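Input: a single structure, listed below in structure tokens.
The values are calculated or read from the model by the stated rules, or taken from the named source; none is laboratory data. In this text the structure is predicted, and so the values were computed from the model without any measurement. Cβ: placed from backbone, ideal geometry, glycine included. Neighbour counts: every protein chain shown.
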Amino acid sequence: MGRMPTHVNKRGYVSPARQARADATRARILDAAATLFLQNGYARTSTAAIGRAAGVSEASVFAAWRTKGELLVAVAADRVGRHPDFPLREDPGWRQPTGGAGTDGAIARFARVARRAHERSWQLLAIVGSAARDDPAVAAAYDDAAQRRHADCAWFVKEVIGLRGAKAARAADAVWALTAVENYRRLVIDRGWSARAYERWLTGLLTGQLT
């Protein structure tokens, strides 16, 4: 998603101190960009303003990301990826036996993970979706994220719930559609549902599709 500046000597050695400074700079830029994108929107946020807020030059911003669009995508990925729920497939808790109460528990947990993800990322994802209409690179990243989310849904359906064949394929599509952030935004943000009510709604629909 972005290039992080590194300093390498002739032997290919990356100084730990330089790497630590580069990591810290990158983190400050991500935090500053997230704040400004949320406050001002994508179009009204300049890379110069992001640099000032992060305490670095605009050149430092472009040393880490080639474009403002790449930086926006990195911000969204960072905000989702920081949470302990992700990546889903690395959590051994999903490998518990399913069937009956086990399946119901897995579905409820999946709905809870979706709710938590949407609570912390829906605003940034809305900004990414809006920027994607005018920026082909952002659009490509947005589409790629949708495909990766579908892959996670297919993994859940097959490896956790245990469905196979055509039934699994249809179920994966349904889970992917039901857990889309747009549904959270419409129900919780636009219609005033509580996040818990959304989670219960999602759990019920997923249960109907997967059991």
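The set of residues in segment 27-62 being over 19 Å from Ile127 (Cα atoms), among the polar types (S, T, N, Q) and either touching a Ser or Thr at 6+ places or on another chain (Cβ under 9 Å) or surrounded by 14 or more Cβ atoms within 10 Å (Cβ to Cβ) (or both) consists of Ser60 alone.
Rundown of residues vs (1) surrounded by fewer than 17 Cβ atoms within 10 Å (Cβ to Cβ); (2) of a type in the set (A, V, I, L, M); (3) in contact with a Pro (Cβ under 9 Å, 6 or more places away or on another chain); (4) modelled with pLDDT under 90, yes/no style:
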{"residue": "Ala64", "(1), (2), (3), (4)": "no, yes, yes, no"}
{"residue": "Thr67", "(1), (2), (3), (4)": "yes, no, no, no"}
{"residue": "Pro97", "(1), (2), (3), (4)": "yes, no, no, yes"}
{"residue": "Ala106", "(1), (2), (3), (4)": "no, yes, no, no"}
{"residue": "Arg120", "(1), (2), (3), (4)": "yes, no, no, yes"}
{"residue": "Ala132", "(1), (2), (3), (4)": "no, yes, no, no"}
